[in-house]
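Asker: Below is one structure. I have some questions about it.
Computed from the coordinates by the stated procedures, all read-outs in this text should not be read as laboratory data. Remember, it's a predicted structure, so these values are computed and weren't measured experimentally. Cβ sites come from the backbone with ideal geometry, for glycine too, and all protein chains shown count toward neighbours.
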Amino acid sequence: MSASPSSSVQQARRTLADRLGELRRDAGLTGRELAGRAGWSTAKTSRIENARTPPSADDIRAWCQACGAEDQTVDLVASLRAAEGMFIEHSRMERAGLRQAQESVRPLYERTRRFRSYSSWLVPGLIQTRAYTEAVLRAVQRRRVAVDDVDAALSVRMARQRVLFEGDHRFAFLVEESVLRSGMGGRDVVLGQLEHLTDVGTLPNVSLGVVPMRPDRSRLPVEGFWIYDMDQVNVELVSGYLTITQPREIAQYADAFSELSEMAVYGASARALINNAINSLG
């Protein structure tokens, strides 16, 4: 399992290791005895039980069999898969192309009622124009994806924007002012995107805030993230995609969003910053 900066992943690994340790002790086995039954070294047993090495599904099956606890195998393998899914490298998530990665989050968007999105890099996907999204996807595909299915991925991404207008979804978007000053696709694409933001901000179920550039801000910009209700947080990193489900960590991101919200401007003040960015394009 890949390392990640989130303690959610480490906690999931630790919980799984603890459960395996409990099975061994309940079976009355020493680490050496379990290793002998499983056919591996005592050191491997120690590494797994101390969460230094994540087990494979086959390791879990062998562990449960050695402990006479085969009835626990399915549940423990499911826990392993859940932990593995918390951090997914881009190369794994996008090996079949970008369309599949876009489609995979559709159920999440459909069931979420309250969206909160903070971006310090790009305009959030749900409020991107088609041209801006295409420029972003093209850049991603050129950099790290062998399969070129950008057109199909673009269609999926744009269809996802229906949640802005259907159902009882509510949205709060925060962007750093620097996002307005840089973008993808060139002047005309960025101009169209900025004009679109002024329209999006008028939707009754949307709050659009801009965090102004200033020399005395109380909180530094952080990595971009999405909060889906209070169920999970997603963070896109350089190396992969992080899913956070630990309530304590979700609360930390919610607190960060609140602090950044207090620094942002809205309504006419936000539109003024957007218009300044438009005017700077000449």
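Asker: I want the local charge near G167. Using Cβ-Cβ distances under 14 Å, sum +1 for each Lys or Arg and -1 for each Asp or Glu among the other residues.
Answerer: Residues close to G167 contribute a combined charge of +3.
Asker: Which whole number of Å³ per residue matches the convex hull of the alpha-carbon atoms in the range 94-280?
Answerer: Once divided by residue count, the hull of the range 94-280 is 119 Å³.
Asker: Give, rounded to the nearest 20 debye, the magnitude of the charge dipole that the chain has about its Cα centre when Lys and Arg contribute +1 at Cβ and Asp and Glu contribute -1 at Cβ. Could you put the intermediate results ahead of the total?
Answerer: On the way: 36 positive and 35 negative charges, 89 e Å.
Taking the Cα centre of the chain as origin, the dipole is about 420 debye.
Asker: What number, rounded to the nearest 500 deg cm²/dmol, is the helix-based mean residue ellipticity at 222 nm of the chain, given -39500 (n - 2.57) per DSSP H run of at least four residues and division by all its residues?
Answerer: Helices in the chain give a 222 nm mean residue ellipticity of -16500 deg cm²/dmol.
Asker: Shifting gears a bit: Please report, for the Cα atoms of the range 25-182, the Rg to one decimal and the Dmax as a whole number; what are they, in angstrom?
Answerer: 22.5, 64
Asker: What is the magnitude of the charge dipole of the range 188-282 about its Cα centre, with +1 placed on the Cβ of each Lys and Arg, -1 on the Cβ of each Asp and Glu, and no other charges, expressed in debye to the nearest 20?
Answerer: Rounded to the nearest 20 debye, it is 280 debye.
Asker: Can you give the net charge of the other residues whose Cβ lies under 12 Å from the Cβ of T129, counting K and R as +1 and D and E as -1?
Answerer: Summing Lys and Arg as +1 and Asp and Glu as -1 gives -2.
Asker: To the nearest µm²/s, what D does Stokes-Einstein give for the range 208-281 at 37 °C and 0.692 mPa s, using the Kirkwood radius over alpha carbon pairs as Rh? Could the numbers behind the result be given before it?
Answerer: On the way: Rh = 14.1 Å.
Translational D for this selection: 233 µm²/s.
Asker: Choose one of L164, V211, A96: the residue whose Cα lies farthest towards the positive end of the charge dipole of the chain (beta-carbon charges +1 Lys, Arg; -1 Asp, Glu; about the Cα centre).
Answerer: About the Cα centre, the residue reaching furthest to the positive side is A96.
Asker: Considering only the other residues whose Cβ falls under 14 Å of the Cβ of T112, what net charge follows from Lys and Arg at +1 and Asp and Glu at -1?
Answerer: Local charge sum for T112: +3.
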